[in-house]
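Participant: To start, I am sharing the structure in question, which I have written as structure tokens.
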Amino acid sequence: MAAPIIAASILTADFGNLYRVVRKLERAGVDRIHLDVMDGHFVPSLTFGPDVTAAIRRLTDLPLDVHLMITQPSLFVDRFLRAGADSITFHVEAPEPDTAKREALEAIRAARRSAGLAISPGTP
């Protein structure tokens with residue numbers, strides 16, 4: 001059996017002290033940093049975007065696992081790739097055409113990053 005991979009979310013981190021938060025996670029031995037990106041539309045909360053992702057990228061060599069909980073992920077995939085995301089996951093329920101989702105997945109893979117689809121618990 002493969003060893004588990006620990007992806008620590010920074011959703012509740014002190015954003016004024018990201019450097020310390022990232023160093024603490026590195027010392028704790030996490031495998032990657034998980035960034036929950038929310039747009040206030042697809043989900044009611046609003047978090048951060050590509051600029052914060054890029055700032056975290058500058059702080060660590062740990063893989064950055066970006067979870068896009070946003071209405072139109074295909075419009076933002078390139079920005080998160082440029083910001084340094086190592087993997088990008090977005091929701092199959094995002095209200096955009098399947099062709100846009102497919103193209104987004106292909107763009108992530110073309111950049112040699114990991115792509116994923118998330119499924120909300122209420123989805124049949």
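The values are calculated or read from the model by the stated rules, or taken from the named source; none is laboratory data. What you see is a predicted model; the values in this text were computed from it and never measured. Cβ sites come from the backbone with ideal geometry, for glycine too, and all protein chains shown count toward neighbours. Keep in mind that these areas ignore ligands, DNA and RNA; they rest on the heavy atoms of the full protein, side chains included. Shrake-Rupley method; radii C 1.70, N 1.55, O 1.52, S 1.80 Å.
Participant: Out of all the residues in the range 109-119, is one or more out of contact with any helix residue (DSSP H, G or I) (no Cβ under 9 Å at 6 or more places or on another chain), open to solvent by 40 Å² or more (accessible area, probe 1.4 Å), among the β-branched types (Val, Ile, Thr) and more than 16 Å from Leu11 (Cα to Cα)?
Facilitator: Within the range 109-119, one or more residues are out of contact with any helix residue (DSSP H, G or I) (no Cβ under 9 Å at 6 or more places or on another chain), open to solvent by 40 Å² or more (accessible area, probe 1.4 Å), among the β-branched types (Val, Ile, Thr) and more than 16 Å from Leu11 (Cα to Cα).
Participant: Next question, about the same structure. In this structure, does Thr47 turn out to be open to solvent by 20 Å² or more (accessible area, probe 1.4 Å), within 17 Å of Ile6 (Cα to Cα) and among the hydroxyl-bearing types (Ser, Thr, Tyr)?
Facilitator: no
Participant: Go through the range 74-102 and give me each residue that's open to solvent by less than 50 Å² (accessible area, probe 1.4 Å), in contact with a Ser or Thr (Cβ under 9 Å, 6 or more places away or on another chain) and not hydroxyl-bearing (Ser, Thr, Tyr).
Facilitator: Answer for the range 74-102, where residues must be open to solvent by less than 50 Å² (accessible area, probe 1.4 Å), in contact with a Ser or Thr (Cβ under 9 Å, 6 or more places away or on another chain) and not hydroxyl-bearing (Ser, Thr, Tyr): Phe80, Ala83, Gly84, Ala85, Ile88, Phe90, His91, Ala94, Glu96, Ala100, Lys101.
Here's the yes/no breakdown for (1) in a loop (DSSP other than H, G, I, E, B); (2) hydrophobic (A, V, I, L, M, F, W, C); (3) in contact with a Leu (Cβ under 8 Å, 6 or more places away or on another chain):
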site: Phe48; (1), (2), (3): yes, yes, yes
site: Ala54; (1), (2), (3): no, yes, no
site: Leu68; (1), (2), (3): no, yes, no
site: Arg79; (1), (2), (3): no, no, no
site: Ala85; (1), (2), (3): yes, yes, yes
site: Glu96; (1), (2), (3): yes, no, no
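Participant: Would a scan of the range 26-40 turn up a residue that is part of a loop (DSSP other than H, G, I, E, B), of a type outside the set (Asp, Glu) and within 14 Å of the chain's Cα centre (by Cα)?
Facilitator: no
Participant: Give the range 51-69 a look and list any residue that's of a type outside the set (Ser, Thr, Tyr) and either open to solvent by 40 Å² or more (accessible area, probe 1.4 Å) or over 14 Å from Phe90 (Cβ atoms) (or both), or say none.
Facilitator: Listed by number, the residues that qualify are Asp51, Val52, Ala54, Ala55, Ile56, Arg57, Arg58, Leu59, Asp61, Leu62, Pro63, Leu64.
Participant: Go through (1) open to solvent by 40 Å² or more (accessible area, probe 1.4 Å); (2) in contact (Cβ under 8 Å) with a residue 40 or more places away in the chain one by one and return the number of the condition Pro4 breaks.
Facilitator: All conditions pass for Pro4, except number (2).
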